[in-house]
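To keep things clear, I will list the structure first and then write my remarks on it.
Where a number appears in this text, it was derived from the coordinates with a stated rule and is not lab data. A quick note: this is a predicted structure, and the numbers were derived from the prediction, not measured. Reconstructed Cβ throughout: ideal geometry from the backbone, glycine too, with neighbour counts over all protein chains shown.
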């Protein structure tokens, strides 16, 4: 065969246009489109006007996408595979995407609160330098935050919907890259913030490599990156087992890193503490929802037939995550850091729902995510309100006697902490109950015992904060509580949802149950 | 064997061009040494002495490199698309590429308006 003959054999056949379901992809396309529009606003609009255009634009984009998701969810039984199999638009995905959007809207209240002053006017300025003082004096703001946030939220939505591993990887990067930047934008404690951004970036890039390596190995085993094809290949028991097991292990590392499960939790305390608190609220709620959503889909769809192989590993990870998160949190003296460890423990509780691999496990996890997200944003919003001369008063000792000075704020924070601890009549109890019950039905009773023990340990440090706030004398130069309307609205929303889902959980449980009734589309 | 002749010819040409450039540069170029020429990198940030606390350093080169990547990626998509353009059925290929270029243009507009293209 000559060279020209080889070339000729390649150049035949037309390239057909892929079939794209724009209606089902709409919410994601809308968020990404508004993000691009936001970049144009940054480019073309004068400095003074940017903030006033960006905030309503971002709000409209997120709210519009949420309404679109409601329409998609109500209109028909959503069980579609869209974009030639790259994206699955099914009921659990719509539930997760809707949760992400609502939580992002509440986080936006915190991020857009200018009086809050959480963000540096000039990210490139060194901490304590003249350039930084100049930037603060000129009163400029980095309104790039809003497009960055939209890109991150769009990535999270795609991450939960991705139906093949490559789309999932792209979504992972789209979601992570803006977050790395947003972490480094804190106005106070600049060095800590920049350190957090670099750590998050390096560890995140490292875990992405694990994810990609796992994808490559699974592709080598199954001959496809589609989750359903991998499920079929594992069902047929074709190919070589070591390739499959190594692929599952590496893929799990990438996913568990984003979840912050032990032993991949090292970034979480540093990043949560260093990042500006509104960004921490976004990460602790929306990113967790996205990470759990993708983990659910991978383990429920692609690796369903392999559950006997991955279950021991996930048991170990879940037990370690619940215990390590709860035990190390006891020694923390910084509130944001303590909440980071509490978030690690909660990731462990969520993993018990993943391990259950049942309809009840799925619906329990969905409910837990929605309930936990609201409580978390509310708690971080309260942290932004308690301030002294150096910005937020993050150290636990500074909160001494807050209950006597501002009983309402301290009371609401105590309520959030009780919800984290899982006290009845809060959403935390209902969520934990739903997940643990599914785990028991799935035969994972020892896991639930560990979960309950870990909850008891966690209750100790939540109660310690309450004791410090209410039963110790306030210091003379204690922090002041600064209330602004957007932050107060975020706190009120968080508290309301935590109460409603605790007292009247049934409607939300029904929605989560319906969303989970057909599991994931293949 | 016929199959490999174009590759071998291309390899010979590439090595020949590289060798020719290096030899001709050494023979014909003027040699005026100064301090900058003895640096590890002739352009960019001076590695020593480091200012106290790391100091501020210009990010011009970094911006240029970032900008290069934006257009580099664009070319990577454009080139195979242009080669296979006659094989696209309908308008889909054209519309998608216009959308892609428009998105890249947004990034370009941002860099341009924010002064990323000004050297000083």
**Study point:** Full-extension gain in nm, residue A:191 to residue A:224, via 0.36 nm per residue minus C-alpha separation
**Key:** 7.4 nm
**Study point:** Helix-only mean residue ellipticity at 222 nm for the protein assembly as shown, each DSSP H run of n ≥ 4 adding -39500 (n - 2.57), per residue, nearest 500
**Key:** -23500 deg cm²/dmol
Practice item. Report the residues of the stretch A:477-521 in range of a label on residue A:433: point 7 Å along Cα→C-beta, backbone N strictly under 11 Å from it. Key: A:502-506
Exercise for review: May I ask you to compute the full-extension gain from residue B:111 to residue B:67, defined as 0.36 nm times their residue separation minus their alpha-carbon distance, rounded to one decimal in nm?
Suggested key: 15.0 nm
**Study point:** Angle between chain A longest axis and helix A:165-183 axis [Cα atoms, degrees, rounded to 10]
**Key:** 20 degrees
Exercise for review: Starting from the Cα of residue B:39, step 7 Å along the direction of its Cβ; do the same at residue B:1; then give the gap between the two resulting points in nm.
Suggested key: 5.3 nm
Study note, to complete from the structure: Expressed in nanometres to one decimal, the distance between label points 7 Å along Cα→Cβ at residue A:205 and residue A:327 is 3.4 nm
Practice item. Just tell me how shielded B:74-86 is by partners: mean number of partner chain Cβ atoms within 10 Å of each residue's Cβ, no decimals. Key: 1
Revision key, fill the gap. Once residue A:489 and residue A:473 are pulled to full extension, the length gained, defined as 0.36 nm per residue separation minus their Cα-Cα distance, is 2.9 nm
Revision key, fill the gap. When B:15, A:420 are ranked with the fewest other C-beta atoms within 10 Å first, the list becomes B:15, A:420
Check your understanding: In degrees between 0 and 90, to the nearest 10, how far off the longest principal axis of chain A does helix A:485-503 point, with axes built from Cα atoms?
Key -> 70 degrees
Revision key, fill the gap. Taking Cα atoms, the helix A:241-259 axis meets the longest principal axis of chain A at an angle in degrees (rounded to 10) of 30 degrees
Point to revise | Model label zone, residue A:404; criterion: amide N under 18 Å from point 7 Å along Cα-to-beta-carbon; scope the stretch A:452-491 | key: A:465-481
Practice item. Can you put A:309, B:120, A:130 in order of Cβ neighbours within 10 angstrom, beginning with the fewest? Key: B:120, A:130, A:309
**Study point:** Backbone N under 15 Å from the residue A:63 label point (7 Å along Cα→Cβ), restricted to the stretch A:490-513
**Key:** A:490
Check your understanding: Between residue A:456 and residue A:305, what is the spin-label point distance in nm, taking each point 7 Å from the Cα along the Cα→C-beta axis?
Key -> 4.3 nm
